[in-house]
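Written below as structure tokens is the structure these notes are about.
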Amino acid sequence: LAAGCILGVRALAVQLGFYFHMLQALGLPATLQAGSLTPAVKFTVGFMLLFSVVIALFKDVPDSKGDSRAGVRTLTVRLGPTKVFWACIWILTAAYGGACAYSLWAALSHTSGAAAAASAAAGGAAGIWARTAASIAGHLGMAALLWQRAKKVNTERRQDLADCYMYVWKLFYAEYILIPLLL
């Protein structure tokens with residue numbers, strides 16, 4: 001139940017709710033129809049879905065011993081905290097890599113062909129590439145911070161796991177600084 005709430009709220013309700021709120025605030029049509037979501041919104045929902053999966057999985061890692069004693073068969077109890085911990089780190093690493101790839105793809109699609117004319121009116125290619133560079137640098141930086149923290153975690157120490165879990169939440173909220181850079 002908790003995992004479903006995390007996924008539903010963090011990945012879908014917040015992202016789509018904010019998007020439709022902004023459309024309405026700008027006086028634009030705010031309806032969910034086929035093709036009404038921009039590629040950036042679709043990517044953001046997917047990215048935050050991965051992040052939410054990690055948060056949902058990671059929340060049980062620090063409590064694996066208590067869950068085991070209580071007979072609660074979480075994934076962490078079944079696989080062990082070390083495997084779930086590193087799975088979470090790798091999922092986030094893939095998400096950050098995906099953000100870099102998406103940023104590059106979006107910049108290329110906005111600076112070639114018919115989209116180039118539209119991008120010229122919105123600040124031109126230089127502005128697009130500056131946003132792309134900032135997005136890629138930001139996502140690589142957050143991945144580096146994640147790995148720097150993860151390598152220090154002793155998965156046998158509950159406090160290390162709990163501290164890293166809280167750090168993942170900080171990275172989650174820091175992502176909202178980078179989302180506006182997406183094209």
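The values are calculated or read from the model by the stated rules, or taken from the named source; none is laboratory data. Keep in mind the model is a prediction, meaning the values are calculated, not measured. Don't worry about glycine lacking a Cβ; one is built from the backbone with ideal geometry, like all the others, and counts go over all protein chains shown. Protein only, heavy atoms only, side chains kept; ligands, DNA and RNA dropped before computing areas. Shrake-Rupley method; radii C 1.70, N 1.55, O 1.52, S 1.80 Å.
For segment 68-97, a residue qualifies if it is touching a helix residue (DSSP H, G or I) at 6+ places or on another chain (Cβ under 7 Å), part of a helix (DSSP H, G or I) and among the polar types (S, T, N, Q), and the qualifying residues are Ser68, Thr76, Thr93.
Residues in segment 158-183 that are free of Cβ contacts under 8 Å to residues at least 60 places away in the same chain, surrounded by 13 or more Cβ atoms within 10 Å (Cβ to Cβ) and not small (Gly, Ala, Ser): Asp160, Asp163, Tyr167. All of Gly98, Gly17, Gly80, Gly46 fail the test of being loosely packed, with under 12 Cβ neighbours inside 10 Å and either among the small types (Gly, Ala, Ser) or closer than 23 Å to Leu171 by Cα (or both), apart from Gly17. Considering only segment 16-39, state which residues are in contact with a helix residue (DSSP H, G or I) (Cβ under 7 Å, 6 or more places away or on another chain) and modelled with pLDDT of 85 or more. Hit for segment 16-39 is Pro39, nothing else.
Can you say whether Arg10 is in a helix (DSSP H, G or I), of a type outside the set (Gly, Ala, Ser) and at pLDDT below 90, as far as the supplied structure shows? Here the answer is yes, as Arg10 does meet what is asked.
Scanning segment 150-173 for any residue that is modelled with pLDDT under 95, assigned to a helix (DSSP H, G or I) and small (Gly, Ala, Ser) turns up nothing. Looking at the structure I just gave you, is Ala144 within 30 Å of Thr38 (Cα to Cα), open to solvent by 40 Å² or more (accessible area, probe 1.4 Å), modelled with pLDDT of 95 or more and of a type in the set (A, V, I, L, M)? In short, yes.
Residues that are open to solvent by 40 Å² or more (accessible area, probe 1.4 Å), assigned to a helix (DSSP H, G or I) and under 21 Å from Leu171 (Cβ atoms) within segment 49-67 comprise Leu49, Leu50, Val53, Leu57, listed in sequence order.
Taking only segment 69-85 into account, find how many residues are closer than 30 Å to Ile136 by Cα and touching a residue at least 12 places away in the same chain (Cβ under 8 Å). Spell out how you get there, then give the answer.
Kept after step one, since they are closer than 30 Å to Ile136 by Cα, are these residues of segment 69-85: 82-85.
Filter once more, keeping what is touching a residue at least 12 places away in the same chain (Cβ under 8 Å): 82, 84-85.
Number of matching residues: 3.
Whenever a residue of segment 126-143 is in contact (Cβ under 8 Å) with a residue 40 or more places away in the chain, its partners that are small (Gly, Ala, Ser), lying with C-beta atoms within less than 6 angstrom and at least six residues away or across chains, give the pairs Ile128/Ala107; Ile128/Ser119; Thr132/Ser103; Thr132/Ala107; Ser135/Ser103; His139/Ala99.
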